[in-house]
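Worksheet: the structure to be examined is printed underneath.
The values are calculated or read from the model by the stated rules, or taken from the named source; none is laboratory data. Fair warning: this is a prediction, and the values are worked out from it, not measured in the lab. As a convention, Cβ positions derive from the backbone with ideal geometry for all residues, glycine included, and neighbour counts pool all protein chains shown.
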Amino acid sequence: MSKPTPTDLLPRGAALWDELTSIVGFDVHEEALLLEACRVRDRLDGLDAVVRAEGVTVTTPQGVHAHPALKEARAQEIVFSRLLASLRIPDEDEVRPQRRGAARASYRRG
(Lines give C-alpha, C1' and ligand atoms only; values in the text may rest on other atoms or scores of the structure.)
Protein backbone atom coordinates (compact mmCIF):
# COMPACT_ATOMS: atom_id res chain seq x y z
CA MET A 1 0.00 0.00 0.00
CA SER A 2 3.00 2.31 0.43
CA LYS A 3 3.14 5.23 -2.02
CA PRO A 4 6.39 6.36 -3.63
CA THR A 5 8.21 8.88 -1.44
CA PRO A 6 8.08 12.43 -2.82
CA THR A 7 11.54 13.44 -4.00
CA ASP A 8 11.53 16.85 -2.31
CA LEU A 9 11.42 15.42 1.21
CA LEU A 10 14.42 15.30 3.50
CA PRO A 11 15.24 12.24 5.64
CA ARG A 12 12.78 12.72 8.52
CA GLY A 13 9.96 13.92 6.30
CA ALA A 14 10.56 10.96 3.98
CA ALA A 15 10.58 8.57 6.94
CA LEU A 16 7.25 9.95 8.15
CA TRP A 17 5.77 9.58 4.65
CA ASP A 18 7.04 6.01 4.29
CA GLU A 19 5.80 4.96 7.74
CA LEU A 20 2.31 6.38 7.40
CA THR A 21 1.67 5.40 3.79
CA SER A 22 2.75 1.85 4.62
CA ILE A 23 0.05 1.45 7.29
CA VAL A 24 -2.81 3.76 6.25
CA GLY A 25 -4.65 4.13 2.95
CA PHE A 26 -5.09 7.85 2.25
CA ASP A 27 -7.41 9.59 -0.19
CA VAL A 28 -5.84 12.13 -2.58
CA HIS A 29 -6.74 15.15 -0.44
CA GLU A 30 -5.36 13.40 2.65
CA GLU A 31 -2.10 12.65 0.83
CA ALA A 32 -1.79 16.39 0.23
CA LEU A 33 -2.16 17.02 3.97
CA LEU A 34 0.35 14.28 4.75
CA LEU A 35 2.84 15.71 2.26
CA GLU A 36 2.57 19.12 3.89
CA ALA A 37 3.05 17.54 7.34
CA CYS A 38 6.20 15.83 6.06
CA ARG A 39 7.50 19.13 4.69
CA VAL A 40 6.80 20.80 8.04
CA ARG A 41 8.71 17.94 9.75
CA ASP A 42 11.71 18.76 7.56
CA ARG A 43 11.28 22.49 8.17
CA LEU A 44 11.31 21.86 11.93
CA ASP A 45 14.60 20.01 11.57
CA GLY A 46 16.09 23.00 9.73
CA LEU A 47 14.86 25.43 12.37
CA ASP A 48 16.25 23.19 15.09
CA ALA A 49 19.66 23.22 13.40
CA VAL A 50 19.63 27.03 13.33
CA VAL A 51 18.71 27.27 17.02
CA ARG A 52 21.36 24.69 17.98
CA ALA A 53 24.00 26.62 16.04
CA GLU A 54 23.00 30.12 17.14
CA GLY A 55 21.37 29.58 20.54
CA VAL A 56 17.84 30.13 21.77
CA THR A 57 18.24 33.88 22.25
CA VAL A 58 19.40 36.86 20.23
CA THR A 59 20.61 40.19 21.55
CA THR A 60 19.28 43.33 19.95
CA PRO A 61 19.53 46.96 21.01
CA GLN A 62 16.21 46.41 22.78
CA GLY A 63 17.54 43.49 24.84
CA VAL A 64 17.68 39.72 24.78
CA HIS A 65 14.85 37.94 22.96
CA ALA A 66 13.92 34.46 21.81
CA HIS A 67 15.63 33.55 18.55
CA PRO A 68 13.29 34.14 15.57
CA ALA A 69 13.88 30.53 14.46
CA LEU A 70 12.67 29.36 17.86
CA LYS A 71 9.50 31.42 17.49
CA GLU A 72 8.93 30.05 13.99
CA ALA A 73 9.53 26.50 15.23
CA ARG A 74 6.74 26.97 17.77
CA ALA A 75 4.39 28.06 14.99
CA GLN A 76 5.44 25.15 12.76
CA GLU A 77 4.91 22.68 15.63
CA ILE A 78 1.30 23.85 15.87
CA VAL A 79 0.85 23.45 12.12
CA PHE A 80 2.43 19.98 12.27
CA SER A 81 0.19 18.79 15.08
CA ARG A 82 -2.93 20.16 13.38
CA LEU A 83 -2.06 18.52 10.07
CA LEU A 84 -1.52 15.16 11.75
CA ALA A 85 -4.69 15.53 13.81
CA SER A 86 -6.68 16.34 10.66
CA LEU A 87 -5.58 13.00 9.20
CA ARG A 88 -7.08 11.13 12.20
CA ILE A 89 -4.57 8.32 11.92
CA PRO A 90 -5.83 5.30 13.86
CA ASP A 91 -3.94 3.90 16.82
CA GLU A 92 -1.90 0.79 16.20
CA ASP A 93 -4.62 -1.66 17.21
CA GLU A 94 -7.74 0.08 15.96
CA VAL A 95 -9.49 1.23 12.86
CA ARG A 96 -11.22 4.48 13.71
CA PRO A 97 -13.86 6.09 11.51
CA GLN A 98 -13.51 9.70 10.49
CA ARG A 99 -15.59 12.01 12.66
CA ARG A 100 -16.78 14.55 10.15
CA GLY A 101 -20.24 15.78 9.29
CA ALA A 102 -20.71 13.58 6.25
CA ALA A 103 -20.74 9.80 6.17
CA ARG A 104 -17.26 8.41 5.58
CA ALA A 105 -15.58 5.03 5.53
CA SER A 106 -12.97 3.99 8.08
CA TYR A 107 -9.29 4.07 7.28
CA ARG A 108 -7.95 0.69 6.33
CA ARG A 109 -4.84 -0.64 8.05
CA GLY A 110 -2.74 -3.09 6.20
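Numbers for the structure displayed
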| item | result |
| --- | --- |
| Matching residues, region 12-28, being among the β-branched types (Val, Ile, Thr) and not in a helix (DSSP H, G or I) | Val24 |
| Odd one out for His65 among (1) at pLDDT below 95; (2) outside any helix (DSSP H, G or I) | (1) |
| Residues of region 17-44 satisfying the condition of being free of Cβ contacts under 8 Å to residues at least 24 places away in the same chain and out of contact with any helix residue (DSSP H, G or I) (no Cβ under 8 Å at 6 or more places or on another chain) | Asp18, Glu19, Ser22, Asp27, Val28, His29, Ala32 |
| Region 15-55 - residue that is within 23 Å of Leu70 (Cα to Cα) and small (Gly, Ala, Ser) and, of those, surrounded by the fewest Cβ atoms within 10 Å (Cβ to Cβ) | Ala53 |
